[in-house]
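Visitor: One structure follows; several queries about it will come next.
The values are calculated or read from the model by the stated rules, or taken from the named source; none is laboratory data. No experiment lies behind these values; they were computed from the predicted model shown. Ideal geometry is used to build each Cβ from the backbone, glycine not excepted, and the neighbour counts take in all protein chains shown. Each accessible area value is taken on the protein alone, full model and side chains, heavy atoms only, with ligands, DNA and RNA left out. Shrake-Rupley method; radii C 1.70, N 1.55, O 1.52, S 1.80 Å.
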Amino acid sequence: DADSLAAVRERVEPLREVASTVLDDIKRLARGLRPSVLDDLGLSPALERLVQDFCKTHGVDVSLEMSGLGDSRLPESHEVTVYRIVQESLTNIAKHAQATTAHVAIERLGDELRIAIQDDGCGFVVATAKQMISEGHLGLTGMQERAALLDGWLMIESQPGQGTRTTSVLPLPKGNSR
């Protein structure tokens, strides 16, 4: 319904800006789901960057401890799963916990990998979390499903006013490095 080419261009420009913003957001989300540093350098550098970015963005003091991993790489499926579980835990902390500090510990114990994330936030009733998982709330459900895909499990410990601790345990296949 524009009466001139200039009017069309004027109306199209905001659409171009929206499209450009959406494309940038999609690229950012894709990098967040599987950052190139995870493929290129491995789990430890990817988690270090994730924690560093989270601290800057959300103002929560997060410490990261990794032990028993050595220099060898885990299977790709495990690296991606660990990364996404930590990422989702930190997202939940930012959205719900009102925490000032958190601790992420990744530990290899024999043929198992243990991921423990604890915060000093407001906590919640665990039965509510179990109901949320059964109702398919994406954050906790995603963490549980990711662990289950690798024959692992997720445990949630929390009490109102006492913070939250999630622990995931993932079995590692024999000959478990790349």
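Visitor: Name the residues in segment 32-72 that are among the β-branched types (V, I, T) and within 22 Å of D119 (Cα to Cα), would you? Give the steps one after another, and end with the answer.
Guide: Initial filter on segment 32-72 (among the β-branched types (V, I, T)): 37, 51, 57, 60, 62.
Once the filter is applied, which keeps residues that are among the β-branched types (V, I, T) and within 22 Å of D119 (Cα to Cα), segment 32-72 yields V51, T57, V60, V62.
Visitor: Next up: Restricting the first residue to segment 17-41 and requiring it to be under 16 Å from E79 (Cα atoms) and part of a helix (DSSP H, G or I), which pairs with a second residue that is modelled with pLDDT of 70 or more and open to solvent by 90 Å² or more (accessible area, probe 1.4 Å) meet a Cβ separation below 6 Å and a spacing of at least six or different chains?
Guide: Short answer, once both residue conditions are applied: V37/R49.
Visitor: From the list S72, S77, S89, pick out the single residue that is of a type in the set (G, A, S), under 29 Å from K174 (Cα atoms) and in a loop (DSSP other than H, G, I, E, B).
Guide: On the way: S77 fails: in a loop (DSSP other than H, G, I, E, B); S89 fails: in a loop (DSSP other than H, G, I, E, B).
Only one candidate qualifies: S72.
Visitor: Here's something else I'd like to know. Filter segment 110-132 for residues that are within 16 Å of the chain's Cα centre (by Cα) and hydrophobic (A, V, I, L, M, F, W, C) and give the result.
Guide: Residues of segment 110-132 within 16 Å of the chain's Cα centre (by Cα): 114-119.
Hits for segment 110-132 are I115, A116, I117.
Visitor: For V37, all conditions in the list (1) more than 25 Å from P171 (Cα to Cα); (2) open to solvent by less than 80 Å² (accessible area, probe 1.4 Å); (3) at pLDDT below 95 hold save one; what is the number of the exception?
Guide: Looking at each condition in turn, V37 falls short on (1).
Visitor: All but one of (1) modelled with pLDDT of 95 or more; (2) in contact with a Leu (Cβ under 9 Å, 6 or more places away or on another chain); (3) in a strand (DSSP E or B) hold for A116; which doesn't?
Guide: Unmet for A116, out of (1) modelled with pLDDT of 95 or more; (2) in contact with a Leu (Cβ under 9 Å, 6 or more places away or on another chain); (3) in a strand (DSSP E or B): (2).
Visitor: Just the residues that are at negative phi and open to solvent by 40 Å² or more (accessible area, probe 1.4 Å), please, taken from segment 110-128. Steps first, answer last, please.
Guide: Step one: filter segment 110-128 for residues at negative phi, giving 111-122, 124-128.
Listed by number, the residues that qualify are D111, E112, R114, Q118, D120, C122, F124, V125, A127, T128.
Visitor: Does at least one position in segment 127-145 carry a residue that is closer than 18 Å to L38 by Cα and at pLDDT 90 or above?
Guide: Within segment 127-145 (the criterion being closer than 18 Å to L38 by Cα and at pLDDT 90 or above), the answer is no, since none of the residues qualifies.
Visitor: Could you grab the pairs with beta carbons closer than 6 Å, sequence gap of 6+ or different chains, first residue in segment 146-162 and part of a loop (DSSP other than H, G, I, E, B), second one open to solvent by 90 Å² or more (accessible area, probe 1.4 Å) and not polar (S, T, N, Q)?
Guide: From residues that are part of a loop (DSSP other than H, G, I, E, B), there are no pairs.
Visitor: Take the residues in segment 54-109 that are free of Cβ contacts under 8 Å to residues at least 40 places away in the same chain, more than 14 Å from the chain's Cα centre (by Cα) and under 18 Å from L43 (Cβ atoms), then tell me which one is least open to solvent (accessible area, probe 1.4 Å).
Guide: L69
Visitor: Give segment 57-73 a look and list any residue that's at pLDDT 90 or above and of a type in the set (A, V, I, L, M), or say none.
Guide: Going through segment 57-73, the residues at pLDDT 90 or above turn out to be 57-68.
Scanning segment 57-73 gives V60, V62, L64, M66.
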